[in-house]
Amino acid sequence: MGCCESSLFTELGAKKDKIPQNQQQQQQPQQGNHKQPPFNHHPISTNSSPNSSSLPNVVSIVDGDEPPSFTEYSLSDLKAATNNFSSEFIVSESGDKAPNVVFKGRLQNGRWIAVKKFSKTAWPDRKQFAEEAGGVGKLRDSKLANLIGYCCDGDERLLVAEYMHNDTLAKHLFHWEHQTIEWAMRLRVALHIAESLDYCSTKGRALYHDLNGYRVLFDENGDPRLSCFGLMKNSSDGKSYSTNLAYTPPEYLRNGRVTSESVIFSVGTILLDLLSGKHIPPSHALDMIRGKNILILMDSHLDGKFSTEEATVVIELASQCLQNEPGERPDLKKLIDTLSPLQSKADVPSHVMLGIPKHEETPSTPQRPLSPMGEACQRRDLTAIHKILVTTHYRDDEGTNELSFQEWTQQMRDMLEARKRGDFAFRDTDFKAAISCYSQFIDVGTMVSPTVYARRSLCYLLNDQPDAALRDAMQAQCVYPDWPTAFYMQSVALSKLEMHKDAADMLNEAAGLEEKRQRHCR
């Protein structure tokens, strides 16, 4: 994508040029139809810490990309990603009955991950763990925090999933700091849970272990997702269902078995959470429902901003899910059919209803090694860019002008004098004076210089005028369509304008043109 093809170019009234297209292909998830998906070993550099404060130059994967295919990671990969499983990277930790810890981590390619670390005795059989993880790893759905890998190394057993940036349902309902979740968003969460469980069921993964408010996560756009970790047992014998017996399905207490009906019971407990904004034991909630104390059950933080009719439907649905006898509970299709008509704000983005900032795409990892100019532009280091432009001078302007003898004799002297003054000001970092002198040179119009446009573009950036900087960089490209510097300067200007995806594309195109030029020079 060349900026000369953007809407901004229309304002310049200049001719479009054909610009090389970014050929990067997104990696698609591997859906394998066989019993166990192919396990790709994922090499990751271990030379740097994943702590974001120590990785200023690591650029994260564009959030919203498709998750990668299911992969086997080495222990060293995951140690590097989590700073050797530092306690500072722990995002959740369960008790004695389900001894496992979840860490956040960051791979060398910039992707954030969640790593679940089991106790050493939970899965003694390596093959059994790998097969179980492989089954969950086949699932790919936008309403799941998908499983993207696992690790079996000695006694270590770890799962790797997509990392969700905006906390859990429990955090937003029970421990909110800014605003509670509005009613329409609670209904969206309920529907997403039912739909994600239905998807898993159709793919042969009907059992979900210990469904609760901590298993429901919010992604970078505020959309609710169900954690894939609950699709896998906490241990090979599956004896640990919940850390809180008050919320455990009654049949599990009787026979120690998890069934699809047990999952429906747990959905009922989530519906209670959404209704009340509190963690109310099901038996107590049912007593309130039978006593018609519906308003007492509702979350006071909603301040009455909910539909009584809709709340009555959800309360009745929760009551059905929490029946003692598994056979009396509704199935997932009934849940979806009941919740779907209640979605009154389907067109409102989740981040708006959740009250979080809109997610902005971050640039993808550069496809090619970057030159010093490329690295300076990626860092938006204007001082380094200035030094490079001073050093390269006008060597790339050769062949861009063919002047008649008359033009040379009548106008050249004054024009070159203006450019010379601009060069002195540019060298001496008097960027406002440089803009004035270079503008005199450009306005005469007898001679065009891509270097002058690139230099004035940088001057505009240093004077906090990224729009003007982008226009000059685009003009430099139109004068010299395959000039890497023109693309590099557009990348910096786009980045300053918070157009990060376009900036990353432009940076990659510049690097490709530079690589092509170097091959021709050999």
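Structural remarks
- Being in contact with a Lys or Arg (Cβ under 7 Å, 6 or more places away or on another chain) and not β-branched (V, I, T) holds for only one residue in L226, L173, and it is L226.
- E177 being among the charged types (D, E, K, R) and in the same structural domain as C321 (by the TED database): yes
- Leading residue by the ranking (most open to solvent (accessible area, probe 1.4 Å)) among those in segment 465-522 that are acidic (D, E) and in contact with a Pro (Cβ under 7 Å, 6 or more places away or on another chain): E514
- Total residues in segment 254-307, condition closer than 28 Å to H178 by Cβ and without any contact (Cβ under 8 Å) to a residue 12 or more places away in the chain: 4
- Filter pass, A170 being under 21 Å from L197 (Cα atoms) and either in contact with a His (Cβ under 9 Å, 6 or more places away or on another chain) or in a helix (DSSP H, G or I) (or both): yes
- Residues of segment 101-159 satisfying the condition of being of a type in the set (F, W, Y) and more than 23 Å from V216 (Cβ to Cβ): W123, F129
- Taking the criterion of being in contact with a Lys or Arg (Cβ under 8 Å, 6 or more places away or on another chain) and more than 13 Å from S371 (Cβ to Cβ), the residues of segment 483-507 that qualify are V492, S495, K496.
- Of all residues in segment 172-204, exactly one satisfies the criterion of being among the basic types (K, R) and open to solvent by less than 20 Å² (accessible area, probe 1.4 Å), namely R186.
- Verdict on P450 being in contact with a helix residue (DSSP H, G or I) (Cβ under 6 Å, 6 or more places away or on another chain) and either open to solvent by 30 Å² or more (accessible area, probe 1.4 Å) or in contact (Cβ under 8 Å) with a residue 40 or more places away in the chain (or both): yes
- The single condition among (1) of a type outside the set (V, I, T); (2) closer than 17 Å to Y214 by Cα; (3) in contact with a strand residue (DSSP E or B) (Cβ under 9 Å, 6 or more places away or on another chain); (4) open to solvent by less than 10 Å² (accessible area, probe 1.4 Å) that G149 does not satisfy is (2).
- Filter pass, M499 being more than 18 Å from L389 (Cβ to Cβ) and either assigned by the TED database to the domain that holds D430 or aromatic (F, W, Y) (or both): yes
- Considering each residue of segment 239-253 in turn, none proves to be open to solvent by 40 Å² or more (accessible area, probe 1.4 Å), touching a residue at least 12 places away in the same chain (Cβ under 8 Å) and within 30 Å of P357 (Cα to Cα).
- Selected residue [open to solvent by less than 30 Å² (accessible area, probe 1.4 Å) and under 19 Å from D210 (Cα atoms)] from A130, A161: A161
- Helices (runs of 4 or more DSSP H) contained entirely in segment 267-372, each with at least 3 residues that are at pLDDT below 90, open to solvent by less than 60 Å² (accessible area, probe 1.4 Å) and in the same structural domain as T202 (by the TED database): 282-290
- K516 meets each of the listed conditions (1) touching a residue at least 60 places away in the same chain (Cβ under 8 Å); (2) among the basic types (K, R); (3) within 19 Å of P372 (Cβ to Cβ) apart from (1).
- Only residues that are closer than 18 Å to V448 by Cα and under 27 Å from the mean Cα position of the chain (by Cα) were counted in segment 471-522, giving 2.
The values are calculated or read from the model by the stated rules, or taken from the named source; none is laboratory data. Please read these numbers as outputs of a predicted model, since none were measured by experiment. A quick note on method: Cβ atoms are made from the backbone with ideal geometry, for glycine too, and the neighbour counts reach across all protein chains shown. What goes into the accessible areas is simple: the full protein's heavy atoms, side chains included, and nothing from ligands, DNA or RNA. Shrake-Rupley method; radii C 1.70, N 1.55, O 1.52, S 1.80 Å.
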